[in-house]
1. Excluding residue 73 itself, calculate the net charge of residues whose Cβ lies under 12 Å from the Cβ of residue 73, where each Lys or Arg counts +1 and each Asp or Glu counts -1.
2. Kindly sort 405, 86, 385 by accessible area of their heavy atoms, largest first, with the probe set to 1.4 Å.
3. Starting from 0.36 nm per residue, how many nanometres of slack lie between residue 380 and residue 178 once their C-alpha separation is accounted for?
4. Calculate, in nm to one decimal, what residue 100 and residue 411 gain on full extension: separation in residues at 0.36 nm each, minus their alpha carbon distance.
5. May I ask which of 188/510; 254/330; 143/330; 154/330 have a Cα-Cα span longer than 32 Å here?
6. Provide the FRET efficiency to the nearest 0.05 for the residue 160-residue 529 pair, computing r from the beta carbons and using R0 = 51 Å.
7. Distance from the Cα centre of the stretch 511-585 to that of the stretch 298-346, in angstrom?
8. Ordering 544, 152 from largest to smallest accessible area (1.4 angstrom probe), what's the sequence?
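The values are calculated or read from the model by the stated rules, or taken from the named source; none is laboratory data. A quick note: this is a predicted structure, and the numbers were derived from the prediction, not measured. No Cβ is skipped: glycine too gets one built from the backbone with ideal geometry, and neighbour counts run over all protein chains shown. Note: areas computed on protein heavy atoms with side chains; ligands, DNA, RNA excluded. Shrake-Rupley method; radii C 1.70, N 1.55, O 1.52, S 1.80 Å.
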Amino acid sequence: MIEKSGHATWNGIPLEIMDEVIPPPPPPPIITDLHIGAFRKISSKRHKNSEVASSQYGINIFIVGLLLMFATYLNIIGLTESERLSFLIALMLIQVLWMIFYIAKGIRKKWAPAEKDGHAGARWLKCGIGLFAGTTIGMHALKIGYYVGFGECKPVIEGIYPVTHIIHTIFQVYFLWRHSKDIIRSFKTVERFGLIHSVYTNLLLWASAVATESDHQLEEHMGRLTSLGFVNITLHEDPVVCNCTSGLCESFRKGIYYLYPFYIEYQVLASAMLYVLWKNIGNNLGHRHHRTKLSFRGVVPGTILGFSVLAATIATVAIYLLNIGLSKNKSESALSIYYIYSIAVLSFMCIISFIGLLIHILDKMAMMKEKSPAVKLDEDLLVGSAVGSWITSWGSIIAIIVAQSHPSYTWYSLPYAILVILEKYLQNLFIITYIHRKEKHNTKKPHMEISVMPSETKIPTESTEFRMVDGGKMLNPNNKLQNNANASIKELACNPPSDVSTNPWATLKKAMLKNITIALFLCNISLWVPPAFGCRPQYDNGLEAIVFGFTPWIVVIDIAVPFSIFYRMHSTYSLFDVYCKIGSS
């Protein structure tokens, strides 16, 4: 109210005095760069601690599983196969429960991951894991049939294990198809432990499959070596205490071992995809992935050469499998044909990989590297899986040098082993060089001047000044010109300027790289086929087994060959990625 004196009052108290009695509200806290930096430092420390803790948990799970497996195969008293299978079943069920939690959590929109890693979980990789998962389910269905036939004399756990594995496979494939690209930002500690548990569960299942297949391959290849005149050794088999009730047990048993290579690949693939998810937790990738339109124009030479190699591979595999182990002459002939074929293919791959590297060296354009856990993992997997072939190749080279006798067909293994080492070395360099390239639309381009009217007008940049108008809206003084410029920008984005059409070297370089990539793509598919379907000369020629000992060498082979098979499949996927990047450049 206003008093007669003209001074404003409140309940008879002048407002000037009220201002002195009641202090003004404090100003809002000012968030400085120092506060933001401290918050990021604390967040980064928590991220690192949970990552280390989860990785140690996974490693210990893996060690326990390996020790149980070794104890079972060494017949340690007190441990049986049933207890090992029970441990694996428990691990798979824990993973299934975690995947159900993750999927259910993602249904809530506020916890669903908004950001995706475009390089992870490519459709090509998803199709591969779907195919291998189908064969895995088929293999375990055969195991169920085999168990039913011998149900009277086998423990119940051997019937529960394949059923659990089928459930685990179905959940895992669905999970990887839907969520392999996720950048997880909620419940990060829980998700880290769940993902690392899943990674090592799949690695233990892979190790178990390798060990099981080793027993079968050891017996089979000892019989093949007999035809070459080496030794006649039979392994001890568990006595059959009951008869099969269905009459199909032998067919089930053979079918199981034919599908083991696909099962092994499935476990390695699943581990790799889950590991990328684990590494991507809380990451800020700072880039977006753009879909690339594939073009197969101008790749006829590379395609013809690649399909020629694939046709030769099928013929060679048929000759090998039909002749190996039948007689001494047929076995030697099959091994010689396989070595000659492999030497020719590997020499061709070495030459074109070297040409691809030479093109990169002559290209003076600066290379911008992708920063993504998926791209880094591709590189690590290529080098890591190549180690398997390098081990067997160096073993063959040493065996040729120190062996006392050399049958004529064994001399082919020397150039074959050298070319395996050289081919993977050159191909890895070629692939890694190009998978690290950023696609052209991911790179920053300088500001351009575009004519939008008869007179030239510069496109407003980020430094363009805006002024406030009524209602709090932003107004650009050059709004009309900007609209016209935006239309021209859209037209430019649809038809970006390119030097390829005007530069003959760029046109030739792109065509050569596309043909090299498609040829290597088909050659790697071709070289995946022989070991996956039983062509393994390192087993069958007998020379390395004589030098290193039969059992040690076959154990080395059974560990190394799955890595070699995986290398061919993973390099095929990586070459597909290289082709996409070359096509978009």
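1. Every neighbour counted, the sum reads -1.
2. The ranking, largest first, comes out as 405, 86, 385.
3. Gain in length upon complete extension: 70.3 nm.
4. Gain on extension, residue 100 to residue 411, equals 106.4 nm.
5. Pairs exceeding 32 Å: 188/510; 143/330; 154/330.
6. Computed FRET efficiency for residue 160 and residue 529 comes out at 0.90.
7. With the stretch 511-585 and the stretch 298-346 each reduced to a Cα centre, they are spaced 14 Å.
8. The residues order as 152, 544, largest area first.
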